[in-house]
């Protein structure tokens, strides 16, 4: 069983919804800077999702039990210095 791309699509949709809610709460309008920020946010979310799914698939291939929840010793940071 390997993970597919559906979690990545879910994360990007959630991030776009949070941007809209954030704009509504702060009372700001949709501008070019906001659109550039949304594109950057989507790129970072997709990149992190790909890294995480690839790591979980590697754990599944190795036969690690409960691949979605590795123990604390096996955890590596998914998000590096780019965050």
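The values are calculated or read from the model by the stated rules, or taken from the named source; none is laboratory data. Source: prediction; values computed, not measured. As a convention, Cβ positions derive from the backbone with ideal geometry for all residues, glycine included, and neighbour counts pool all protein chains shown.
For segment 4-18, the candidate set comprises residues that are closer than 14 Å to residue 37 by Cα and within 10 Å of the chain's Cα centre (by Cα); within that set, the residue that is modelled with the highest pLDDT is 15. The condition (being loosely packed, with under 11 Cβ neighbours inside 10 Å, under 30 Å from residue 61 (Cβ atoms) and in contact with a helix residue (DSSP H, G or I) (Cβ under 9 Å, 6 or more places away or on another chain)) is satisfied by just one residue among 15, 4: 4. Taking the listed residues 37, 43, 22, the one that is touching a residue at least 12 places away in the same chain (Cβ under 8 Å), surrounded by fewer than 15 Cβ atoms within 10 Å (Cβ to Cβ), in a helix (DSSP H, G or I) and out of contact with any strand residue (DSSP E or B) (no Cβ under 9 Å at 6 or more places or on another chain) is 37, with no other qualifying.
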